[in-house]
Amino acid sequence: MKVLPIQNYETKTWLLNRHYAKRIPSISYAFGLYDDNNLVGVCTYGSPPSPSLCTGVCGEEYKDRVLELNRLILDSPKPNSASYLVSQSLKLLPKPSIVVSYADTGQGHVGYIYQATNFLYTGLSEARVDWAVKGLEHLHSKTLSEGMTLEAIQEKYGDRFYHKDRDRKHRYIIFTGSKLQKKRLQKKLNYEIEPYPKGESKRYDASGYVETQGVLF
């Protein structure tokens, strides 16, 4: 198996058809996992949607170094495929980089892949309130609101529109670069490093998270 850079358009089918979010995030770098020249996994990195996160991780000086590992999708039965894709793709990013990724508790994710690839665990994201539409909870609010104002969405869905607590996410961070660069960045880290969380073990496949291998993203 090997990991290679791929073009953004090569990720489209994977992101729209195989990932639960059903939308394409900001993509600065995309990588594919190949098995005998067959694409069996996709990993993408992009600018985090929150500017405050970029400055909050290691300060204003390093805000332009922050990337989010925002999609990780596998269609491979081989053990350790996900951790191999993540670890190898990290080596292909610009150096130094500060990489943030999240494991969504609402999807039952804990982040074992990030633990296996030596990310630092920095706790849960802040508690927030989101809006949703009854019957369309599986769709992200950004997907539903594309090209529409909040007022237009409320008018369109009427009583189906409601507010709900946002699912909190486990936040993981890793630094790329030389030993000196990584040491310098970790000293600047503004989040407290915490013990890894644990939870029910599952395995990711192309259609979702299913009970099998003992790995939970």
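Highest mean first, how do 148-160, 26-38 rank when packing is the count of other Cβ atoms within 10 Å averaged over residues?
Top of the packing list down: 26-38, 148-160.
Need one number: nm distance between label points at R168 and K182, each 7 Å from Cα along Cα→Cβ, rounded to one decimal.
According to this spin-label approximation, the distance is 2.9 nm.
Quick one: of K22/K188; K63/K91; K2/K169; K63/K182; K2/K95; K2/K91, which pairs are farther than 23 Å apart, Cα to Cα? List each step's numbers first, then the result.
Details: K22/K188 35 Å; K63/K91 20 Å; K2/K169 30 Å; K63/K182 15 Å; K2/K95 21 Å; K2/K91 13 Å.
Flagged as over cut-off: K22/K188; K2/K169.
No value in this document is a laboratory result; all are computed from the given coordinates. This is a predicted model, so every value here is computed, not measured. As a convention, Cβ positions derive from the backbone with ideal geometry for all residues, glycine included, and neighbour counts pool all protein chains shown.
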